[in-house]
Amino acid sequence: MNKSYLLAFVMAVAVVGWIFSGQLQATTTEADAEAANSETKADKKDHPVTVRVRLMQAQAHQREVVLRGRTQAVRSVAVKSEISGRIVQLAVTKGKRVKAGALIAKIDMQDRASRLAEGRALVRQRQLEYKAAIALSKKGYRAETKLAASQTQLDSAKALVKRIELEIQHTEVRAPFAGIVDSKRVEIGDYMKVAEVVATIVDQNPYLVVGDVSEREVSYLKVGQKATAELVTNKKVSGKIRFIATTADGATRTFRVEVEVPNPKRDLRDGITARIRIPVDKSMAHLITPAVMTLNDEGQLGVKTVTQEGIVRFFPAQIIADGENGVWLAGLPETIGVITVGQDFVRDGDQVLPVIENRPAS
């Protein structure tokens, strides 16, 4: 036999042997892995993990919408002068409470009194002229156009008197409603122009606590619902929702909510930070420490529980409120055994050995 053929045959046999040995090794490795896995499962079944379990019963929980807000006066008006003139009297000081219609300041009459007397005299003259025109018109000595012109002059004189009387009335600047003088902008001797601010009046009773509710929670609220607010000063007030905005704020996508609260002592101040709580509904929920919560393989937040047969079951849950001792979860069975220790070492479907923390006395 040719040596080259012999060499090629030997090499072919070697390659086939090498390939066969690799397949055999892979088969052996897979078999070993399956065997190891079976042994692990068997070991878990024969020697289950010990976990600590707390038996829990769902409780009725009052769900609340909680808002961050602030106090705000229900009405605040900048009282302005309606005529020009010099301030000759100030009847209030800053911080003084006033009744509706109370005098705040008085503006100089100037020549308005004499103009009023002149206007009234003119009205009397026009009245006499008009009566004479009526008499002449009835006798046919005066045309209808002359009678109409005489009536127009009388009406014009009366309108002039009304204007002067209104100016004189506006020399006294009065409070539009009962409240407190929050600021005073003028002093005696100051010259006021039309529409300049004299003082700011704030209505103190009732008062408002305003906040912004998210677009997810606004559907839970309605006008007339009861609400409470805790101020940063530790004062608590209660009232009802009087307004919910129908249009969201363009920047925050939130809706303005106004809660009207009584303030008979008038001790609330504008701009104090408040935490508003609005009860919306009651539901069954579990109060659970956040430390026992975990995620499943799909990234859902929930808790791991143990069945009566000792099998681990994962239940996704929804956080509906924060409590002083934990969080309130909805979406769980009414009675559950929550794994409090060891939940990170077991998976859904595992057999475990539960140790009950709070087993009821028999």
Residue pairs qualifying under the 6 Å Cβ cut-off, at least six apart or on distinct chains, with the first in the range 120-143 being assigned to a helix (DSSP H, G or I) and the second being among the small types (Gly, Ala, Ser) and surrounded by 11 or more Cβ atoms within 10 Å (Cβ to Cβ), are 122/157; 123/157; 126/157; 129/150; 130/150; 133/150
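To keep it simple, each residue is scored yes or no on (1) surrounded by fewer than 12 Cβ atoms within 10 Å (Cβ to Cβ); (2) at pLDDT below 90.
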residue	(1), (2)
223	yes, no
264	yes, no
282	yes, yes
288	no, no
Which listed residue is more than 27 Å from residue 115 (Cα to Cα) and modelled with pLDDT of 95 or more, from 182, 212: 212
So which residues in the range 236-247 are out of contact with any Asp or Glu (no Cβ under 6 Å at 6 or more places or on another chain) and either touching a residue at least 24 places away in the same chain (Cβ under 8 Å) or of a type in the set (A, V, I, L, M) (or both), if there are any at all? 237, 241, 244, 245
Among the residues in the range 298-319, are any of a type in the set (A, V, I, L, M, F, W, C), assigned to a strand (DSSP E or B), assigned by TED's automatic domain parsing to the domain that holds residue 51 and under 29 Å from residue 234 (Cα atoms)? yes
Name the one entry in 128, 147 that is surrounded by 13 or more Cβ atoms within 10 Å (Cβ to Cβ) and not polar (S, T, N, Q). 147
Can you tell me which residue in the range 155-176 is nearest to the chain's Cα centre (by Cα), limited to those that are hydrophobic (A, V, I, L, M, F, W, C) and in a helix (DSSP H, G or I)? 166
Residues of the range 55-68 that turn out to be buried (at least 17 other Cβ atoms within 10 Å of the Cβ), at pLDDT 90 or above and in contact with a Gly (Cβ under 9 Å, 6 or more places away or on another chain), as a count: 2
Hey, any hits in the range 256-263 for a residue that's in contact with a helix residue (DSSP H, G or I) (Cβ under 9 Å, 6 or more places away or on another chain), in a strand (DSSP E or B) and not assigned by TED's automatic domain parsing to the domain that holds residue 347? yes
Filtered residues of the range 317-344 (kept if loosely packed, with under 15 Cβ neighbours inside 10 Å and at pLDDT 90 or above): 333, 334, 335
Checked pairs for the range 257-278, first free of Cβ contacts under 8 Å to residues at least 60 places away in the same chain, second charged (D, E, K, R) and outside any strand (DSSP E or B), C-beta under 9 Å and 6 or more apart or across chains, list as 267/235
Scan the range 177-192 and tell me whether some residue there is without any contact (Cβ under 8 Å) to a residue 60 or more places away in the chain and either part of a strand (DSSP E or B) or farther than 22 Å from residue 87 by Cα (or both). no
Is the range 72-95 home to any residue that is in a strand (DSSP E or B) and over 30 Å from residue 169 (Cα atoms)? yes
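Matching residues to (1) modelled with pLDDT under 90; (2) surrounded by 14 or more Cβ atoms within 10 Å (Cβ to Cβ):
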position	(1), (2)
100	no, no
103	no, yes
106	no, yes
120	no, yes
140	yes, no
143	yes, no
Kindly indicate which of 163, 174 is surrounded by 16 or more Cβ atoms within 10 Å (Cβ to Cβ) and over 27 Å from residue 257 (Cα atoms). 174
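The values are calculated or read from the model by the stated rules, or taken from the named source; none is laboratory data. What you see is a predicted model, and the numbers here were worked out from it, not measured in a lab. We place every Cβ from the backbone using ideal geometry, glycine too, and count neighbours over all the protein chains shown.
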